[in-house]
Amino acid sequence: MSLPRTKTTRPRADIVLLLLLQLAIGAVGARDARASADTEESAAYRYSGAPWPLRYFIYVDEAGLMKRFRLKMAEMNANRERGTENAVYRGFEEFFPPDAAIATPTKHIGITTLIFSRSGTLLSPEFHRFHFTAARTDLNNLVLLKNGIGNSREKPYHFAYWWELPGKHIMSPAVCDITDDLRYVTDNPKSKGYIGGFGCREWSAQLQDDERPYIDVTSYLEDGLHIISDFVGWSGFEHKLKPVIGKHLTEWICLHECPGGEDPGVIKSMEAWTKKHGFPMPKQPTRQPEFPDSFFQNIDLE
């Protein structure tokens, strides 16, 4: 799960975890609320007949925080199993610790990657024992099901949601999480609740732009601060393979699907790296978020 950050500071870990749990309950609960008035056969448990769209899903945050939140989510899921907490879905984080971590001067960037088949089967080797299958619900939640869609005894494990506008738009469809619900409310740094930075719509716009050779996940914040903050991303079976890169303070990092068989890690020289692979240098966008809700005043975003 993601958490809104201030632009230069990070709360203490115990405060972070408390806010994370509040957001986790609120995010799933907000979507649960739409389903709770229905029966168990509601839209929360009905699955789209459309082909499964994700080749991979990636979740990035501070590695230590991801590990601590995994333990908290395991506790929450157990409470839901016992009936002491009411929720339509369980949280996926219990089963998915970071499968990679990249050291920077200020933190270890944790990366969790889920690889899927065209039928939605989770292919990541370390998770085979759970026999997870992914599905999209009629409420556009993206969930994992133990032992297949036909198993009604296991509550789904929620990991993201599908966001799609009517018509054709460069940033749509997108795979988003709860921070993105808040991120796009405003792009004005002076507004209350402003989060800013890189999010799911920026990811999809770069993914679906054939002229862009990579996905730059840098959050370009005020005062020249450039960081890799928490985010989720994805790619479909029809999309080109694109390296996922970002700048954290002074270092450029390749996070996923690095070109030429390179391992994820710090890029020693961005100028040399882009020249080697025939890529242009990344350019800072004029604003972030680039696609706030105010851009879509004539479109129903629900």
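What follows is calculated from the coordinates using simple rules that are stated; it is not laboratory data. Keep in mind the model is a prediction, meaning the values are calculated, not measured. Cβ sites come from the backbone with ideal geometry, for glycine too, and all protein chains shown count toward neighbours.
Give the residue list of trypsin sites (Lys or Arg not before Pro) in segment 160-266 that are DSSP loop and have at most 14 other beta-carbon atoms within 10 angstrom. Write down the numbers at each step before the final one.
Numbers: sites: LYS168, ARG183, LYS190, LYS192, ARG201, LYS240, LYS247; in loops: LYS168, LYS190, LYS192, LYS240.
Hits after loop and neighbour filter: LYS168, LYS190, LYS192, LYS240.
Quote the relative contact order of segment 13-295 in percent (integer), defining contacts as alpha-carbon pairs under 8 Å separated by 6+ residues.
Working: 520 pairs, mean separation 44.5, N = 283.
Value for segment 13-295: 16 percent.
Can you give the extra length, in nm with one decimal, that the chain gains between GLU81 and ASN147 once fully stretched, where that is 0.36 nm per residue apart less the Cα-Cα distance?
Values: separation 66, 0.36 × 66 = 23.76 nm, distance 1.68 nm.
Working it through step by step, the gained length comes to 22.1 nm.
What's the lysine pair count for segment 155-301 at a Cα cut-off below 23 Å, pairs eight or more apart or interchain?
Value for segment 155-301: 16.
Where does each of THR106, THR133, THR113 land when they are ranked from fewest to most other beta-carbon atoms within 10 angstrom?
Details: THR106 11, THR133 23, THR113 18.
Starting with the residue having the fewest Cβ neighbours, the order is THR106, THR113, THR133.
Quick one: compute the contact order of segment 209-277, relative version, from alpha carbon pairs under 8 angstrom and 6+ residues apart, as a percent. The partial results should precede the final answer.
On the way: 93 pairs, mean separation 16.6, N = 69.
About 24 percent, as a whole number.
Label segment 250-302 by shape, choosing from rounded, prolate and oblate, from the square roots a ≥ b ≥ c of the eigenvalues of the Cα gyration tensor; if a/c is under 1.5 it is rounded, and otherwise prolate applies when a/b is larger than b/c, oblate when it is not.
Details: a/c = 3.14, a/b = 2.44, b/c = 1.28.
Judged from the Cα gyration tensor, segment 250-302 comes out prolate (a/c at least 1.5, a/b above b/c).
Please list, by residue number, every one of the chymotrypsin sites (Phe, Trp or Tyr not before Pro) in segment 208-302 that is coil in DSSP and has at most 16 other beta-carbon atoms within 10 Å. Walk me through the numbers before you get to the answer.
Details: sites: TYR214, TYR220, PHE231, TRP234, PHE237, TRP252, TRP273, PHE295, PHE296; in loops: TYR214, PHE237.
Within segment 208-302, the qualifying chymotrypsin sites (Phe, Trp or Tyr not before Pro) (loop, at most 16 other Cβ atoms within 10 Å) are PHE237.
How large is ³J(HN,Hα) for each residue in segment 243-251, as worked out from phi by the Karplus curve 6.51 cos²θ - 1.76 cosθ + 1.60 (θ = phi - 60°), to whole Hz, x for Gly and Pro?
For segment 243-251, the Karplus curve yields x, 9, 10, x, 10, 10, 6, 9, 10 Hz.
Taking amide H positions as placed in the peptide plane 1.01 Å from N, state which residues far from PHE198 in sequence (5 or more) or on other chains have amide H under 5 Å from it.
The list, which skips near neighbours in sequence, is SER219, TYR220.
Would you order VAL143, VAL266 from fewest to most other beta-carbon atoms within 10 Å of each residue's own beta-carbon?
Details: VAL143 26, VAL266 12.
Exposure proxy ranking, most exposed first: VAL266, VAL143.
Using Cα pairs under 8 angstrom and six or more residues apart, how large is the relative contact order of segment 190-241, in percent?
Numbers: 46 pairs, mean separation 18.8, N = 52.
Taking the mean separation of contacting Cα pairs over the length of segment 190-241, I get 36 percent.
Between rounded, prolate and oblate, where does segment 107-239 land on the alpha carbon gyration tensor, with a ≥ b ≥ c its root eigenvalues, rounded for a/c under 1.5, else prolate if a/b exceeds b/c?
Note, shape of segment 107-239 comes out prolate.
Taking the Cβ of each residue in ARG90, ARG287, ARG82 as the centre, tally the other Cβ atoms inside 10 Å and list the residues starting with the fewest.
ARG82, ARG287, ARG90
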